[in-house]
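Here the structure comes first, spelled out in C-alpha cells, and everything after it is commentary.
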Amino acid sequence: MFNKKIEEPSSLADQAAQSATHAIQSTQRVANEALDSLTGSVQDLRHQASALAHRGADSVRETSQQLRDTALRASDNTLNYIKDEPIKSVLIAAATGAALMALISMMASSRDRR
C-alpha cells in the first residue's frame, strides 16, 4: 500500500502535456476530416446550383424563342387578314378604337365625379 512509487512532478507534467498533445492532435484530425467532408459537400452543391442555373437559363431562352415565334405568327396572320379583308379590317379597327375611347371617357368621367 505504501510501497507504491510516487511519481515525480515532472513526470506527471510530462504525461499531462503528452495527453494534451494527443487530445489536440485528435481534435485537429477530426476537424480536418470534417472540413474535407464539408469541402466536398460545398463543391457538390456548387455543381448542382450551376447545373440548375444553366437549365433555368436554357428554359428561359427556349420560352423566349417560343414567344417570339408566336408573336411573329400572330403578326403574319394579322397582315394576311388585312390583305384578304381590307374593308372588314378597317371597320374592326374603327370599332375597336371607338370602344377604347368610350372606355377611357367613362373612366375619366367616373374619376371626375369623385
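What follows draws every value from the coordinates through simple rules; no lab data is involved. The structure displayed is predicted, hence computed values, not measured ones. Cβ: placed from backbone, ideal geometry, glycine included. Neighbour counts: every protein chain shown.
Summary of computed values
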{"read-out": "Listed candidates (1) 13, 44, 31, 12, 1; (2) 10, 12, 12, 12, 11, 9, 8, 7, 6, 6, 5, 3, 0; (3) 12, 38, 31, 16, 3 - label of the one calculated as P(r) over Cα pairs in 10 Å bins from 0, in percent", "value": "(2)"}
{"read-out": "Mean residue ellipticity (222 nm) of the chain, computed from DSSP H runs ≥ 4 via -39,500 (n - 2.57), nearest 500", "value": "-34500 deg cm²/dmol"}
{"read-out": "Ellipsoid semi-axes in whole angstrom, largest first, where each is sqrt(5λ) of the Cα gyration tensor of the stretch 52-92", "value": "36, 7, 4"}
{"read-out": "Using alpha-carbon coordinates, inclination of helix 86-113 to the longest axis of the chain, degrees", "value": "70 degrees"}
{"read-out": "Angle in degrees between helix 9-84 and the longest Cα principal axis of the chain, rounded to the nearest 10", "value": "10 degrees"}
{"read-out": "Fluctuation leader among Q15, Q43, Q28 - the chain, Gaussian network, Cα springs under 10 angstrom", "value": "Q15"}
{"read-out": "Förster-model FRET efficiency, 41 Å R0, A13 and D36, C-beta, rounded to 0.05", "value": "0.75"}
{"read-out": "Efficiency of FRET from Cβ geometry, R113 and K88, R₀ 35 Å, rounded to 0.05", "value": "0.40"}
{"read-out": "Efficiency of FRET from Cβ geometry, S75 and I104, R₀ 25 Å, rounded to 0.05", "value": "0.45"}
{"read-out": "Of L67, A17, S110, farthest towards positive along the dipole that unit charges on Lys, Arg, Asp, Glu beta carbons give the chain", "value": "S110"}
